[in-house]
Structure formats: structure tokens, C-alpha cells
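Worksheet: one structure, shown below.
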Amino acid sequence: HSPDAVMFIFDYRDGNVDTRVLHTGDMRWTSDMLVAADGILMKKPVDRLYLDTTYLNPRYTFPTQDTVVVAIGNWIRQQLLAEPKTYFAFHSYHIGKERAFFGAAEFLNMAIYVTPKKRAVLEQLNLPERWTRLMVRDPNSARIRVGGRVNEDEVHEDVKKLGFARGVIIRPTGWSYRRGGPLVSSRVSAHGVIVASAPYSEHSNYTEIRECVKALKPRRVIPTVGGAGDALVEKELIGLMDLKDDKRRIDSY
């Protein structure tokens, strides 16, 4: 989920057969992965692909991370034009979503207050300087806050304590995607806190999952995330795999 996350490739001999296993982990597939590390993914066929299948459903064709980050940045700008004293809190985890909140802040050239606990994590990630320079230690000197999971009560209290006019929670998650709807959707909580969601995801969307399998042509796909079973893999991915050596499949002949 973090910048510089890796995949694992295992090359070994299974009896007399050279075998390659690729474990993607949670990942957002891009075509430039094929040429990374001296094109290692193209040098041998993949026998077993342990694949992040969280969004293996045609309804989840959300845009690229860059597109969503720009949409979040533009939405924040609109909120500030409507009320300059708006306080924004990004929902994140112990690790992950860094491109969402740093990207939006960089797009807007705004400072980010990072809680001490979250800063201790971020300092281990070897983040680019253009991001780290945006972090401040004083909550009064930034209108964007990043800590971890945030709730409406917490943001409501922060707004009163720091003297803002209103508070906004931004939740970057692919589950918020609705085809044909706005990239950033929002509602108002009982406290008057605006809760916004945007389909930023660290997991591949439906199209990217299929592009990954089409590019690698694995002989077997083993889903690892999201509860996808063999039936769903059969339905969505089987035509993109290399099945010429699988004698159980009459359609391969």
C-alpha cells in the first residue's frame, strides 16, 4: 500500500521443470511494470500468479490515481472558495493513501499537519522531498490534517478547538466509485461535518486486473484479496491466460 512497495518473484525447479511464481501483493497494475527491473517479468512465463483481485468486477472501472488526486484537489479548492476557513482531515491507515493526501496538497501547494504518530511512520518511507516539505508540526499552521482513521466527532472537536468554520473528512477509497457519478461525492453528517469520498485506490481496477493477466499470460491465477473465488476468475480472466498445457481444458485445443 505504500510508495516503493514490491512484488515477489520466485524462480525454482519443480522436479525437472523450471517454475515461476509471482505474488503481486496489493497492487495497482501499470504497463511500465513490464520493463521494470530490466524487464524481469517478460523473461520467463508465469506459472502461478497470486493476484490482488479486490476489484475484479466490471462495475469498478474507476480512473487512475493521478486523475482522482486532481479531482480531490479541485474539489478542495471549490470548498475553500465557498468557505476559506474550512478544515480538511484525510482518512488513512497506519500506512497507505500517501499519494492521495500528499498529491492533493502538492496540487494546491498547501501545508499538511501530520500527527506525531503518523509522522513517525511517514519518515520511514523515504518519501520525495517535494512531499515531506509540505509537512508541518503545528496544527494551527495548516488546513489539511493527516493522522489515521478519522471520525466525525473528532473532526467536529478539532474545528471548534482550532477556530475553523467547518470541517471536512476526505475518504479515498475505490468502493466509492459510481459509474457516471461525480468523482468526489459528499454528504453532511449530524455534526455538520462534510464527509467526502473519492475513488482513489491502491488496488487495481477491473480493467487493470485484466491488463495484468493479459500481459503476463499466467497458467494459473490464485486470487489473494477481496474474496474472489475460482468461479469469478474463470468468468473474468480465463480467456486471458495461457492454457495450452492444461489438458483438462478442451477449449485449449
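The values are calculated or read from the model by the stated rules, or taken from the named source; none is laboratory data. None of the values given here were measured: they were computed from a predicted structure. No Cβ is skipped: glycine too gets one built from the backbone with ideal geometry, and neighbour counts run over all protein chains shown. SASA here: full protein model, heavy atoms, side chains in, ligands and nucleic acids out. Shrake-Rupley method; radii C 1.70, N 1.55, O 1.52, S 1.80 Å.
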Could you work out [θ]222 nm for the chain from helices alone, using -39500 (n - 2.57) per DSSP H run of at least four and dividing by all its residues? Round to the nearest 500 deg cm²/dmol. -8500 deg cm²/dmol
Going down the list Lys97/Lys160; Lys97/Lys217; Lys214/Lys235, which pairs span over 25 Å between their C-alpha atoms? Lys97/Lys160; Lys97/Lys217
Relative packing of peptides 132-139, 19-26, 175-182 - highest average C-beta neighbours within 10 Å first: 19-26, 132-139, 175-182
Given the Cα-Cα distance of Asn126 and Val17 and 0.36 nm per residue of separation, how much length would full extension add, in nm? 35.3 nm
May I ask what percent, to the nearest 5, of DSSP beta bridges between residues of the chain are antiparallel? 30 percent
Considering amide H positions built from the backbone, and no H for Pro or chain starts, which residues 5 or more places from Gly167, or on another chain, come under 5 Å of its amide H? Tyr87, Ile194
Efficiency of FRET between Ser31 and Leu162 - r from beta-carbon atoms, R0 51 angstrom, step 0.05: 0.70
Carbon and sulfur %, accessible surface of the chain computed with the full protein complex present, 1.4 Å: 51 percent
Provide the FRET efficiency to the nearest 0.05 for the Trp175-Ala215 pair, computing r from the beta carbons and using R0 = 25 Å. 0.45
Taking amide H positions as placed in the peptide plane 1.01 Å from N, state which residues far from Gly148 in sequence (5 or more) or on other chains have amide H under 5 Å from it. Ser92
Sequence order, segment 9-14: Karplus ³J(HN,Hα) from phi using 6.51 cos²θ - 1.76 cosθ + 1.60, θ = phi - 60°, Hz rounded, Gly and Pro as x, gives 10, 10, 10, 7, 9, 9
Using θ = phi - 60° and the Karplus form 6.51 cos²θ - 1.76 cosθ + 1.60, what ³J(HN,Hα) does each residue of segment 185-191 get, whole Hz, x for Gly and Pro? 10, 8, 9, 10, 7, 4, 7
Tell me, what is the per residue accessible area of the chain in Å², probe radius 1.4 Å? 52 Å²
If DNA, RNA and ligands are ignored and the probe is 1.4 Å, what is the ranking of Met27, Met33 by accessible area, most exposed first? Met33, Met27
Report the rotationally averaged projected area of segment 113-162 based on its alpha-carbon convex hull, in square nanometres. 3.7 nm²
Where N is the number of residues in the chain, Cα Rg divided by 2.2 N^0.38 Å: 1.19
Added length on full extension, which subtracts the Cα-Cα distance from 0.36 nm per residue, Ser185 to Ser141: 13.1 nm
Taking segment 39-180 and dividing mean pair separation by its residue count, relative contact order in percent (alpha carbons under 8 Å, at least six apart): 34 percent
Could you tell me which GluC sites (Glu not before Pro) in segment 80-172 are loop residues by DSSP with no more than 16 other beta carbons within 10 angstrom of their beta carbon? Glu123
Could you go through segment 27-42 in sequence order and give the Karplus-derived ³J(HN,Hα) for each residue, using 6.51 cos²θ - 1.76 cosθ + 1.60 with θ = phi - 60°, rounded to whole Hz, and x for Gly and Pro? 8, 10, 5, 9, 5, 6, 5, 5, 9, 5, 6, 6, x, 4, 5, 9
Beta carbons within 10 angstrom, averaged per residue: use that to sort the peptides 68-77, 2-11, highest first. 68-77, 2-11
Starting from the amide H of Ala198, placed 1.01 Å from N in the peptide plane, find each other amide H under 5 Å away whose residue is 5 or more places distant or on another chain. Arg171, Thr173
